[in-house]
Every structure is written in structure tokens, then in C-alpha cells.
1. Using helices alone, what [θ] at 222 nm do you get for chain B, with -39,500 (n - 2.57) per DSSP H run of 4 or more residues, divided over all residues and rounded to the nearest 500?
2. Which ³J(HN,Hα) values, rounded to whole Hz and listed in residue order, are derived for segment B:304-309 from phi using the Karplus coefficients 6.51, -1.76 and 1.60 in 6.51 cos²θ - 1.76 cosθ + 1.60 with θ = phi - 60°, glycine and proline given as x?
3. Tell me, which residues of segment C:19-43 get at least 20 Å² less accessible area when the other protein chains come in, versus the chain alone (1.4 Å probe)?
4. May I ask for the net charge around B:His334, where only other residues with Cβ less than 10 Å from the Cβ of B:His334 are counted and Lys, Arg are +1 while Asp, Glu are -1?
5. With unit charges on the beta carbon (Lys/Arg positive, Asp/Glu negative), name the residue among B:Ala109, A:Ile66, B:Gly148 whose Cα is farthest towards the positive pole of the charge dipole of the protein assembly as shown.
6. On the protein heavy atoms, probe 1.4 angstrom, tell me the percent of accessible surface of segment C:3-111 carried by carbon and sulfur.
7. Just to verify a number: what accessible area does B:Trp117 come out at with the full protein assembly present, 1.4 Å probe, Å² rounded to tens?
8. Please compute the per residue accessible area over chain A with all protein chains in place, 1.4 Å probe, rounded to a whole number of Å².
Amino acid sequence: MWRRGERLYALLVFLVVLLEGLALGSLVVVFSGRLFGLFGYPQVYGALWQALVLTGTALGLLAAYILLYHVYSASRELLDRKAYEDWLARFTEILFAGGSPPPPPWPREAFEALLDLREMLKGEFAERITEWLRQANPPWPRILKARLASRPLRLEALEALAQARLPETLEAVLPYLAHPDPVLRLAAARAGARVAQGQGLLDLAKALLEAALPRGALLEVLLLLEDRAEPVVEYLLSQGGGEEVWAALEAVGRLKLASLVERVLPFLDQADPELKAAAMRALYRLRYPPHGYEGLLLAALKDEREFLRAHAARLMALLGNDLAQRALWKALSDPSFYVRRAAAEGLLRMNKGFLAQAAERHPDPFGRAMAQQVLREAA
Amino acid sequence: MNLLLDFLFLYQVVILWYFALLNFFYTLFAFFGLGMVARYARELSELSLKDFLEREAYLPVSILVPTYNEEKTIAHSVRSFLALHYPEFEVIVVADGPKDRTLEVLKEAFRLVEVEWVYRRALPAKPVRAVYRSLVYPNLIVVDKENGGKADALNAGLNLARYPLFCAVDADSLLDAQALLRASRLFLEDDRVLAVGGTIRPLNGAVVREGIVETLRLPRGFLERMQVIEYARAFFMGRAGWSAMGALLIISGAFGLFRREEALRVGGYRTDTVGEDMELVVRLHRRAREEGREYRILYTPDPICYTEVPADWATLRRQRNRWHRGLWEVLWNHRVMLFNPRYGRLGLVAMPYFFFFEALAPVVEVLGYVLLPVFYLLGLFNPEFALLFLLLAVGYGVLLSQLAVGMETLLLQRYPRLWDRVVLLLFALLEGLGYRQVLALERFVATFQVWRKRGVWGEMRRKGLES
Amino acid sequence: MARVLVVEDDPTVAKVLEVALGREGYLSFLVRDYPSAKVALQEDWDAIILDINLPGGSGLDLLRYLRKELRKSTPVLILSGLKQERSLAEAQALGAQEYFTKPFSPGGLIKRLKEYVAAR
């Protein structure tokens, strides 16, 4: 979305603003002074001219910069793209034809092309790219360990490592999970999730506890782990605070980690409504009927909080027994639109005939309407 | 006579202070805003967007498209909304009792069928005549309702919306394919975020092919070019600056993303104002402050929305008249916030700023022009002095515009031709010589029409997208 | 010589497919966005490799267009980054032969492609 060069521009803007601030400031002082007879006419006149000249200079400077930057960036990008495409073609040919890549050092575009290939390929090709990357001795871990490096540079290094997925670089990434800057922390967590493997997963899990990411961001990170997620999620479920547990519960459902069902069930008995809802959502996504927790579900169906009732209604349907059917029939007269909807959809899943009955002779007119609507949609 | 002279001199000095303070504010915005944009430009990685798009972490979005008489453009725009890159979203088009063939066009283009639809009427709105679904696009819903204005149409759409986030857009807007991705991430990563606004850029002159903005070209018309500069300044500096200060009061109706529950909780859009987009944002701020909650309402420069801007004076003046009346209405409705420390920066900085430097600005400006002949007749008019002063004022305005034009060069999707850039810089010079004054006059007039024309929109004329 | 249409906006994937198909002796034709793809679909191809998120529209809409309006049974192999179940289910319902997610292994994709082309 954005070109490089914004820091230079910011510096220029600072300069211009400083100049203008001086000019306008002195103008105001002189004018106000004139009101009280402190300054004579020539001073006022002079101040006005001075402000004008400064503004003019700033304008000229800025316009020149903008035009030069435009020309420079346009031609530079053309060259960069050409170089990138050449490297991409070169690497791709070698991947298919066999052989080894040109010896490093490589320019920036070569790394970009190789990282993009790594991002898109898996299997044998991906392994070969990883090997090439290793041999090229990329600068990113060094940047992360360096004492003096700018923030954008560190962010870029984290992103590059995330794409390269070299497991041995995890140790360079992890310290950033405790960085005071939240943006770097999130970038590091994302990189860690893409890089970590085997034993590294547990290290990552521990570091994530320290990172105190917002729960949505943590969820994003957990989903990046894909088929490696289980140990991390399990660790967060047992050791994490509210935010971490919430993200872990969400991740169980979305990644379909059926092996963790037993760890999720106890959360149905949680006092915190958000966690309880997250547990119900996770079980529903896993399509796991929570036998033995019927009492808790029935209680949740009567909870004063709408979202708990709606989740409970949805999960109830998985039980598929008489008890569930009766409870959902009742829930069709719930004051909340969303609970009625969940109940009707649940009945549809369990017993379409029963839902048809509800559409005809449920005592609550809203319940009937909802049943009819869900039946229509199913048809 | 002496008294009069003293008064007039004092008046001049007051005006000077006003001018200086205003420019001080502008500079502050320029500074905060540019800093924010520059930082942001580096922070959001393309890789993280890709991950976000491909995995299950997202919050689904309902796109609300209120439409009135838009038979020429509606099919195109709806198609472009359906083409957005986002894992799960629905498009809800609300036909607000159109008098032309808007609804018929939609029916043909998307093979709509009427459905019985049970939904929650969380907000009052004019009666819905029918709800349609598309046989081609499962995520398209069209609502036909009795005419009730834009805010009413949005409320009707909100009633039907199913997802946790909603995105209000204008029917003639074109969203960048990644706009939803970029904006919605902020909601996921921070529970405190209530609303997010993006950058609006004029679509006029752009080469559009089936909903994709292929290249930007500067429009030919003088007014359209002026607005290119105005929009760049308003968003890259104004909005960015306010957002950086945590006091963003405006999210354009052309593109804004909100948490649906929060909008419902404050009662949706108000139908008795022409500034319904700003009003909702101010109300969200106000409610959250009154409840003492931690919250954030943000502008982010990246989600970009292209919109067609007026190409003729009459339409432009009507639009600005409406905007200005909307501003006054909002300020009046929320007058308790003005100078009220309970509302923090909003009450002490943002609201006073909008009152003195936005709402009252045209009055001060126009009075200034009117007084010129008075000064002349009294022999107080020093032509050389006045000229210098005018030059300075113009120069300063140009400087701010140039800063924004400079920001635009950093965007990947910028006006690519060097000549366009030169033209933009030249037009920035022209803005203070005529264009600005005409609009100031219009806003001046609008200030005195607020009571008489409450809630009156005035027709918008549209050219239709040439594809 | 078999002709394969590649609808893909990512230059990296496009390059990989170009080389991979070329080595198999296929004639590949690349389009990068929705409108161009719609035009390209009018012709007859031996197989189509289709991305979902394209500038200007969705690959799934292209698939729908191909099957429902053009009524062609050309084998379609989806190659997309989208890993959500719903896109997979939708692609299947619309009659896609295969669904590969990125990152992908060119060998696997080409193998399936060959089978579909041979079966025609």
C-alpha cells in the first residue's frame, strides 16, 4: 500500500513546520505588540515580509521534493520489479531443473523472490528453498539481536523470518515477545507461530503467556500454528489467564482439535460468561455432544444473558435426545430473536418433523414464525 | 470616531489571532497525522493480511448499501461490493423507496426472488415492503422499503444485518478489494475498538474496469481536481490528526466500519439530521465517555474507498450546504459536550474546535471580506499591506495542501503521471483564489438555514460510472 | 498439445505454474483478474487452474459462470490460499474437481492435472 521514503518525508515536514511556526509566531507577537504601541509600522511590515519569504521557501522546498521523489520512486520501482522478476524466474527454473542457486551474497530482490516462493510452495521444493536460505546466511537474526537497529528494520526482519520458517531462528524471535512495543510484540508472536517446531512450541507457549497480547490477536497467532497448535493451546488452557484461555478455547473449535475436548468440557462450569460461551462455541464447532453436562446447559438456557442462551441452544441440539428437543421447544418462545433462531436451527438438525410441528402449533407466535422461516430456508 | 477606529483595529487583531490559532491547529494535525500515517504505513504487513484472509480468525461483516435513485450505477456498485476479498460477508442493499428503476435493475442483474424473512426489528424504520435474495449470490440481500431518508434506510439495513460488524457505504462508492480486511482486523485485535473509518478518495477520472480501479488519472474538471486536493488534506491530515489524538468525530458515510451491537445500543442512526454519519460517531463517543468505558474510535489511512465527487458548482454547493448544516445540527444536539471536562479531549478540544473553526469559520471569513470595503472607505485600507497578508494566508493554505499531496505520493495507488503531480501542486495554489471563497459563502448561507431546512437533503446528481 | 488456462494474480504462483506446465509440454495461458478470466473462459480449455481471490471478483463466481451459464464441464482445479471449510464446500458444490491450498506442491497438482487431461 505504501512506498518507502516516509521517514525522509516526515523529517522534511518537521523542518517545514518548524520554519512556519517561527514565522507565524513572530508575526503574532509583532502584531499584538503593535496594538499596544510597542512596535512601529516598519517592524510589522518587516515581520510580514519575513513570514512570506519563509512560507515561499517552504513551498518551493516541498514542491521540489515531491516532484523529485515522484520521479525517483517511479523509476526505482521499475528497476526493482525487473530485478525481482529475474530472480524469481531464475530460482523457479533451478527448482525444477535441479542444481544449486547462484552463490550469495544476494541482493534484496533475490531474498524477496525466494521468500515468496517459500510462502507458496510446500513439500520437497520448500525444503530445498529452506536449505538455500540457510546457506545464504540471511541478515535477519542478526538484525534482531543487534543493539542498534531501527524499528521498521526490526519489523521487516521479523516478517522475513516468519516467511522463511527456519526453526533455528526461533530463539532470535522469542525475546521480542516481551518487548515494550506492542506492534513488535505482535509481529514477533506471528513470526514465532510460523517458525516454531517440536520443542520450540513449548518455548513459544511460555513466551506467549508473557506477551499479554489482546485475545483476538492471540487467536490469530494460534491459528497460524495450524497442525502444530495442540501443545501450545493445551499449555494456554492450563496455565493462561482469562484472555489466553478465551483465545485457546476459540482455537480448539476453529482448528478442530478434537483431542482437547476433555480439556474444554470443564469450562462449561466456568463462572466467567465469556469463557463459558467460548467453551460452548468450541464444542459446537467440534460437533461434540456434551453428555453429562445437560444440567449446565439447561441452566445456561435460562441465563439472563442472551448470548449464553443462544450458544446453549445451539449446543443442546447436538445431544439429539428428548431432553434437548423439549428444551429447544421451550426456547422457541425465548424473548431473544437469536435464541429463537438457534433453537429452530437446532430442531431442524435433530428432527425436521418436530420443527414442522412447532411451525404449526407452537404457542408463541414469534416461535412459530421462526420455525417457519428456518424450514423455508432449509427447503 | 476614535472609538470606532480602535474597535476596527481590535477586530483586526482578533482576526489575526483567530487565523494564527487555526493554523496552529492545522499544523498540529499535519504533524500528528503525518506521523501516524508514516508509522502505520510500516506496521501493517501484507503477510499478516494474507494470513488473516486465509484463516478462521475473522469477524464477519455486513455491508449496508442504502440507495435511492441510482439505476445507472447500482448494478456495478453492488457487483464491486460482492467482489471484495473477505472470508465471510453479506451485502444488504436497502432501496429507500426509489422512484426510478433501481429495484428492477437489481432484480434483473442478480436474479432476485422475494422471500419471507423473519428478522429482529431492533430499530424503528419505515415499513419494509419486501425482502429479496439473489439466486446467484447467496450473500446478497435486497430490501425494498418506503422512503425515509438515508439514516432510515441504514437503520432498516441494521435490523437485517446478522454479523458482528457492519460497514456503511455509499452506493456510488468503490472499495479497495482489501478494505474490509484492513479495517476489520483492528476490531479483532482490540476489543475496545468501536468504529473505524478509512480514507476516501475521488473516483472521478479513474479508469475503472468491472469494479477495479486500474489507474488513477486526474479528472479534467476544475472542481473535481480541487476536491482531489481537499480530500487528501482532510483525510491524511485532519482525520489522521484527530485519530492520533483520540478524538475522531467524523467517519464518512461513504465508508465506515462499526460494531453492530454498539450501534444498536445507542439507538442506530438518527433520522432527523443530515449529518447522520458524524452524529452516530459523536453519540458513540458520548455514550462511552458517560459510561466511563475505555474505547477507541479510529481512522486508518489504508482501507481506501473511492467515491464520485460532484463535478458541477450547483451539486457541490448543495453538498457543502448539507454538510455544514449537518455539522451545526450535530453540534446543537450534543451541545452539552462543549467545554465539558467530563468528555475529556472531546469536550475541551474537539467540540470547541468544530464549533469555532469549522462551524463559525465561514462566518468569520465572509465578514472579513465584507469589512474590506468598510476599511477602504474609512481610509484604513493599506493595499500593499492587505496584499501581503492575503498572500501569506494563501501561501499557508497551499503549504498544508502540499503536505497532503506529498503524502499521496507515498501511496502505492497514486496518480502515477508526473504531470498530474505538477497540476496538483499548481491547483493547490489556485484553491485560495476563488474556490475557497465560494464554498465559504455557501457554508455561510447554510449556517442561517439550519433551522429552516432541518433534515433536508437536496438532490444529488450523479454522472454514472463510465466503465 | 493440451491447453491449460491459469487464473492467478500472484506473480510467484503464476511463474511456478508457467514453468511446471511448460516442462510437461502443456501450453499455458495466464490471466490475472476476474474480467479477463471471464473472457478467457469463453474458449475451450483442457483444464483450468483457478485462484479464488482475484482482482475484481471471486474465482468461485467464475466457476459458477463456467458451469451454470457456459455449461462447460472442463476440469477445474482450485488453487487458493483460503483454508476455510466454507470455501472448500462451496467449490465442491459448484463442481470443482480438486481443491489445493497454498502453499502447494507443484508435483502433486500436475499429477492430478495430467489425470484429468488424459481422461478427456
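The values are calculated or read from the model by the stated rules, or taken from the named source; none is laboratory data. Since this is a predicted model, take the numbers as computed values, not measurements. We place every Cβ from the backbone using ideal geometry, glycine too, and count neighbours over all the protein chains shown. Areas reflect the complete protein model, heavy atoms only, side chains present, ligands, DNA and RNA absent. Shrake-Rupley method; radii C 1.70, N 1.55, O 1.52, S 1.80 Å.
1. Numbers: 15 runs with 220 residues, N = 467.
Result for chain B: -15500 deg cm²/dmol, rounded to the nearest 500.
2. For segment B:304-309, the Karplus-derived couplings read 10, 10, 9, 9, 7, 9 Hz, x marking Gly and Pro.
3. Residues meeting the cut-off: C:Val19, C:Arg23, C:Asp33, C:Tyr34, C:Pro35.
4. Values: positive: B:Arg283, B:Arg286, B:Arg335; negative: B:Glu279, B:Glu329.
Computed value for this residue: +1.
5. B:Gly148
6. Details: 2020 of 4110 Å².
Here it works out to 49 percent.
7. 40
8. Details: 16890 Å² over 379 residues.
Value returned for chain A: 45 Å² of accessible area per residue.
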